[in-house]
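Novice: Pasting a structure below so you can have a look.
None of the figures in this text is laboratory data; all of them are computed from the coordinates on show. Quantities reported herein were computed from a predicted structural model and do not represent experimental measurements.
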Amino acid sequence: MEEILKDAVKKHKLGATVNLFITPDVRSNAFPTGVDEWRKSIEISVKSPAQDNRANIDVIKTVSEYFDVSHMNVLILNGKKNREKTVLLQGMTPGRIVSKIQEKL
């Protein structure tokens, strides 16, 4: 699993990026819910349906709460209209992100 996490989390000049695979329209927000080996991404579930940007807002909220950072420091770089997203966590290192995710998985 560590290899997949290293593939899913990359260094960025402003922090680190995380590849996510979203499952919208579920009972409750949850992160991380697993890893997707094929997509090399971390799975996240959000309550909101993928309509009118609501699932994206839940993704930002859920990720920011998990890493205890401001929602202003979480940006969706790619995949705003897709279940596969690349999210930037400003001011965080890949090592810190991987460690925090490994605690829950």
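Novice: Helix 94-104: angle to the longest alpha-carbon principal axis of the chain, degrees 0 to 90, nearest 10?
Specialist: In the chain, helix 94-104 runs at an angle near 60 degrees to the longest axis.
Novice: Here is a further query. Nearest 500 deg cm²/dmol is fine: what mean residue ellipticity at 222 nm does the chain get from its DSSP H runs of n ≥ 4 alone, each adding -39,500 (n - 2.57), divided by its residue count?
Specialist: Values: 3 runs with 32 residues, N = 105.
Using -39500 (n - 2.57) per qualifying helix, the result is -9000 deg cm²/dmol.
Novice: Starting from the Cα gyration tensor of the chain, multiply each eigenvalue by 5, take the square root, and state the resulting semi-axes largest first in whole Å. Write out the running numbers ahead of the final one.
Specialist: Working: eigenvalues 73, 46, 32 Å².
For the chain, the semi-axes come out at 19, 15, 13 Å.
Novice: I need the fraction of alpha carbon pairs in the range 1-55 separated by more than 17 Å, rounded to a whole percent.
Specialist: Considering the range 1-55, 43 percent of its Cα-Cα pairs are separated by more than 17 Å.
Novice: Could you work out how much longer the chain between Gln51 and Met72 gets when fully extended? Use 0.36 nm per residue separation minus the Cα distance between them, nm to one decimal. It would help to have the intermediate numbers written out before the result.
Specialist: Details: separation 21, 0.36 × 21 = 7.56 nm, distance 2.13 nm.
5.4 nm is the gain from fully extending Gln51 to Met72.
Novice: Further question: So which lysines pass the test for Lys6, namely a Cα distance under 21 Å, with those fewer than 8 places away in the same chain ruled out?
Specialist: Those lysines meeting the cut-off are Lys40, Lys85, Lys100, Lys104.
Novice: State the extension gain, in nm to one decimal, for the chain segment bounded by Asp36 and Met1, taking 0.36 nm per residue of separation less the distance between their alpha-carbons.
Specialist: On the way: separation 35, 0.36 × 35 = 12.60 nm, distance 0.96 nm.
Extra length available between Asp36 and Met1 comes to 11.6 nm.
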